[in-house]
Amino acid sequence: MDGLLDEFGSGDAQARAESWRYSRQALRALEQQSFQSADANVSVPQALIDRFDWPQTRGHRLVFVNGVLDATLSDAGTSGAIIETDAVGVHALRFAGKGVMHLVFVNVATAMPSRWNAAVHIRVESGKAFLVEQHVGMQGADMLGALASDFTIADGASLQTATLGDLPGSASLVRRVGVTIGAGSAFGATHALCGGRFQRFDIDAQLTGAKAQLAARGVFALRGREHVDVHLDVRHAARDTISDVLWRGVADGRARGILHGAITVAPGADGADARLETKNLLLSPHAEIDAQPVLEIYADEVKASHGATVGQLDERALFYLRSRGVPLAAARNLLIAGFCRTAFSRIETTDLRGPFEALLDAHLPQQVDAGE
Amino acid sequence: MTMLKIENLHVRVAGKEILKGLSLEVKPGEVHAIMGPNGAGKSTLGYVLAGRDGYETTQGRIEYDGKNLLDLEPEARAAAGMFLAFQYPVEIPGVNNTYFLKAALNAQRKARGESELDSMQFLKLVREKLAVLHLKEDLLNRAVNAGFSGGEKKRNEIFQMALLEPRLAILDETDSGLDIDALKMVADGVNAMRAPDRAFVVITHYQRLLDYIVPDFVHVLADGRIVESGDASLALRLEEHGYAWIAQRKLAGAA
């Protein structure tokens, strides 16, 4: 029985098996539970509301509770988006000109293990749109959410996204996004993924127009038995396109992180410039991070580079901090947080860096010496 | 009243004996220069004093303020007033300079039972010290040493020293890689901090720095121990004759 793999995987059986090989166990464990359809008619605790009710995004916010758009908590009156919902519940957001949108996906546990599905498509016709996607939840019965999105960025337009995956240990999330980036347009994404029982993020980006640009940044900071699996698939399909991927991973305890970064330069996509860098930090002998950069080039005059490292805290840096008086545990935290924060350098608005850094600080993986 | 007393220190690094019976006494208010050829053990001395892992003391002892220094963790040594200006300051991307320095200063103050500084008090102190080193304020908003030029890194070390106000500062080849202007700024920063209750150990390969930071004592470190001590004129004679001169004198003495 490959129920969830059939549902979440794409491609033929072999491609699915390969793409999910590090997360097959996690998926099987979910398959063995019987999830019922999540009740969206639940009240959201104030403590949870406080986590997304940012003053700077009021009037720019759509809130989904257990996968269903909640009219009471949402107010997107000044977001600049045209919002339509079709008969099967797919939400389409269109931006023309400047727009800011804060999408919140709230997981409210009910009495029984439950699951939800949602689909949100975004089209930027012109100008620059900014999207914050935030996943939050409360501890309780298991919850499995699935979010599917298409982002389309028309020629000359720009979409910048910031994604915060901040889930309790009882919630799992499978999020798939396909991105189409037109001529002269730009897509930027910054991710901070923490917590959760299992998080799977697939980003499938196509640079379809000449001089299209993609910059993807992210960090997973994993503790305990958390498991995050990120697949970035970037395809250069036009001339003079640029992609730049930078990822940081940290894991303590028995946590598991996967970053699969595949860049393909298609025939004819001459002049492409592709960069992929991932650095990872293991804080425990039982933690595991798999970093897989894959580069396939079928065009000429291409600039491409990739690098992946997995290592431990830098002993020299640790000694440097301690020699200035910073105690060992604080020095480690400073280094771990600093390592992750290099992934946030592209966040343009400083009032958004706050939530990112706060999320990270609250979920910072720890290095604990044997015997401590 | 001795601040630092090193007796017959033997130190092993990665299985190899580097310091072989080094002895040195430093009193408050004094500036000691340690000179010596490459590989003599100069940097090892700095690291042992600051408490770096992997430096194993096999013989001898180090007393600081009458206490066994080797019992203290690096952060406890810092709180007790020890400071090492690194020969190769470490780049730490993602860690903001201001945040790091405030954390360091307040951790030291807390360990000493002093009140911690709030952001305003800290910033005021920082601005005073930056001016002395001719450093720009934007340095504070950058990551620790990340992307700094060689000269900026060394000046940043001295700036940290000025901010943390240690009682014993060890400068490990702070002059290496500096042009003459940067060298003078570093020397000005050190000279401004000379005080009756503060001591310096200036480790250097060349005499040049000692034109600007005039030491009370000069020691020659060769093959893991101090082979010659004297006043500031010893540095000048070394400059004139080279380190081979010391080796010859040792041979003559032995014969």
If the chain between residue B:176 and residue B:245 were fully extended at 0.36 nm per residue, the gain over the current Cα-Cα distance would be 22.6 nm
Longest principal axis of chain B (C-alpha) makes with the long axis of helix B:150-164 (C-alpha) an angle, in degrees to the nearest 10, of 80
Sorted on mean Cβ neighbours within 10 Å (highest first), peptides A:29-41, A:167-179, B:194-206 come out as A:167-179, B:194-206, A:29-41
Percent of all Cα-Cα pairs per 10 Å bin for region B:4-254, counting from 0 up to the last occupied bin, reads 7, 30, 36, 21, 5, 1, 0
Taking B:238-247, A:351-360 and ranking on average Cβ neighbours within 10 Å, highest first, one gets A:351-360, B:238-247
Between residue A:25 and residue B:121, the two model label points (7 Å from Cα along the beta-carbon direction) sit apart by a distance in nm of 5.2
On the formula 1/(1 + (r/R0)^6), with r taken between the Cβ atoms of residue B:17 and residue B:231 and R0 of 51 Å, the FRET efficiency rounded to 0.05 is 0.95
Within region B:114-255, the percent of DSSP beta bridges that are antiparallel, given to the nearest 5, stands at 50
Out of B:217, B:100, B:159, a Gaussian network model of chain B with alpha-carbon springs under 10 Å gives the largest mean-square fluctuation to B:100
Phi-derived 3J(HN,Hα) across region B:31-44 with the Karplus relation (6.51, -1.76, 1.60, θ = phi - 60°), rounded Hz, x for Gly and Pro, is 10, 10, 9, 10, 10, x, x, 4, x, 6, x, 4, 5, 4
Plugging the Cβ-Cβ distance of residue A:270 and residue A:305 into 1/(1 + (r/R0)^6) at R0 = 25 Å yields, to the nearest 0.05, a FRET efficiency of 0.90
Relative contact order as a percentage, chain B, C-alpha pairs under 8 Å and 6+ apart, gives 28
per DSSP, antiparallel bridges as share of beta bridges in the protein assembly as shown, % nearest 5, sits at 15
Cα-Cα longer than 27 Å, checked against B:27/B:184; B:20/B:67; B:110/B:184, kept in input order, equals B:110/B:184
Applied in sequence order to region B:45-55, the curve 6.51 cos²θ - 1.76 cosθ + 1.60 (Karplus, θ = phi - 60°) yields integer Hz couplings, x standing for Gly and Pro, of 4, x, 5, 5, 5, 7, x, 5, 4, x, 10
Lys pairs in chain A with Cα under 26 Å (8 or more apart in sequence, or on separate chains) total 5
Within the set A:117, A:66, A:107, GNM on chain A using Cα springs under 10 Å gives the largest fluctuation to A:117
Note, region A:334-339: 3J(HN,Hα) by Karplus (6.51, -1.76, 1.60, θ = phi - 60°), whole Hz, Gly/Pro = x, goes 4, 5, 5, 5, x, 4
Per the 1/(1 + (r/R0)^6) rule, R0 = 41 Å and r from the Cβ atoms of residue B:131 and residue A:78, FRET efficiency to 0.05 is 0.35
Rounded to the nearest 5, the percent of DSSP beta bridges in region A:3-362 running antiparallel is 5
The simple spin-label model distance between residue A:296 and residue A:85, using points 7 Å out along Cα→Cβ, in nm, is 3.9
Connecting every pair of Cα atoms under 10 Å apart in chain B and solving the GNM, the largest mean-square fluctuation among B:102, B:27, B:67 falls on B:67
The Rg/Rh figure for region A:3-362, Cα atoms and Kirkwood Rh, to two decimals is 0.96
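Read-outs: derived from the displayed coordinates by stated rules, not from any lab. Remember, it's a predicted structure, so these values are computed and weren't measured experimentally. Here the Cβ is made from the backbone with ideal geometry for all residues, glycine too, and neighbour counts use every protein chain on show.
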